[in-house]
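Read-outs throughout are calculated quantities, based only on the coordinates presented, and are distinct from any laboratory measurement. All values derive from a computational prediction rather than experimental measurement. Cβ: placed from backbone, ideal geometry, glycine included. Neighbour counts: every protein chain shown.
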Amino acid sequence: MLLALFIALTAWLLSLVFPWWSLAISGLVLGAILGKSGKHSFGYGFLGIGGLWLIQSMISHINNNGILTERVANIFSLPYPWLAIVMTVAIGGLAGALSSLTGYYCADVFLDNTDK
């Protein structure tokens with residue numbers, strides 16, 4: 001759980017300065033440092049970034065009374081606006097999970113991880 005919180009916090013801080021894809025930087029670094037296994041890194045990477053994007057999507061949805069969410073849902077021909085939020089969380093979570101998993105496997109290959 002600590003990995004998910006650190007990934008979410010560092011991804012949020014990096015997103016204040018860099019584009020959205022900077023979430024991969026936090027996933028790579030923290031997956032390499034704190035990852036205990038492949039499943040651990042993947043799951044908590046998904047949870048960290050997916051949770052972060054859920055919170056940010058809900059804040060945006062509430063601040064503009066759902067107008068933006070409805071318009072995005074219309075662009076993608078979604079029957080319900082909340083499906084746009086679900087898609088956002090799934091895409092962000094998958095990006096975070098894969099970056100964290102990549103960081104874990106890079107550390108496993110390139111560093112001496114006999115203690116893991």
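Comparing Leu13, Leu23, Leu52 in a Gaussian network model of the chain where C-alpha atoms under 10 Å apart are linked, the largest mean-square fluctuation is found at Leu13. Estimated translational diffusion coefficient (Stokes-Einstein, Kirkwood radius over Cα pairs, 10 °C, 1.306 mPa s) of the chain: 109 µm² per second.
Largest GNM mean-square fluctuation among Gly38, Gly27, Gly50, using the chain with Cα springs under 10 Å: Gly38. Exposure proxy for Leu30, Leu54: other Cβ atoms within 10 Å of each Cβ, ordered fewest to most, give Leu54, Leu30.
Across the chain, the mean sequence separation of Cα contacts (distance under 8 Å, 6 or more residues apart), normalised by length, yields a relative contact order of 38 percent. Calculate how steeply helix 2-15 sits against the longest principal axis of the alpha-carbon atoms of the chain, using the helix alpha-carbon long axis, and give the answer as 0 to 90 degrees to the nearest 10. Approximately 60 degrees, to the nearest ten.
The angle between the Cα long axis of helix 23-34 and the longest principal axis of the Cα atoms of the chain comes to about 30 degrees, rounded to the nearest 10. Electrostatic tally near Thr102: other residues with Cβ closer than 15 Å to its Cβ, Lys and Arg +1, Asp and Glu -1, net 0.
Inter-label distance, Leu16 to Asn74: 3.5 nm, where each label sits 7 Å from its Cα along the C-beta direction. Each peptide in 76-82, 64-70 gets a packing score, the mean of other Cβ atoms within 10 Å over its residues, and the list from highest to lowest is 64-70, 76-82. Each residue of segment 71-86 was assigned a 3J(HN,Hα) from its phi angle through the Karplus curve 6.51 cos²θ - 1.76 cosθ + 1.60 (θ = phi - 60°); the sequence is 5, 5, 5, 5, 4, 8, 6, 8, x, 10, x, 5, 5, 5, 5, 4 Hz, with glycine and proline shown as x. Quote the FRET efficiency, to the nearest 0.05, computed for Leu83 versus Ile59 with a Förster distance R0 of 22 Å and r equal to the Cβ-Cβ distance. Efficiency at R0 = 22 Å is approximately 0.75. Judged by the mean number of other Cβ atoms found within 10 Å, the most tightly packed of the peptides 15-21, 83-89 leads the ranking 83-89, 15-21. Rounded to whole numbers, the Karplus 3J(HN,Hα) couplings from phi for segment 36-50 are 9, 7, x, 5, 4, 5, 5, x, 6, x, 5, 5, x, 6, x Hz, using 6.51 cos²θ - 1.76 cosθ + 1.60 with θ = phi - 60°, and x at Gly and Pro.
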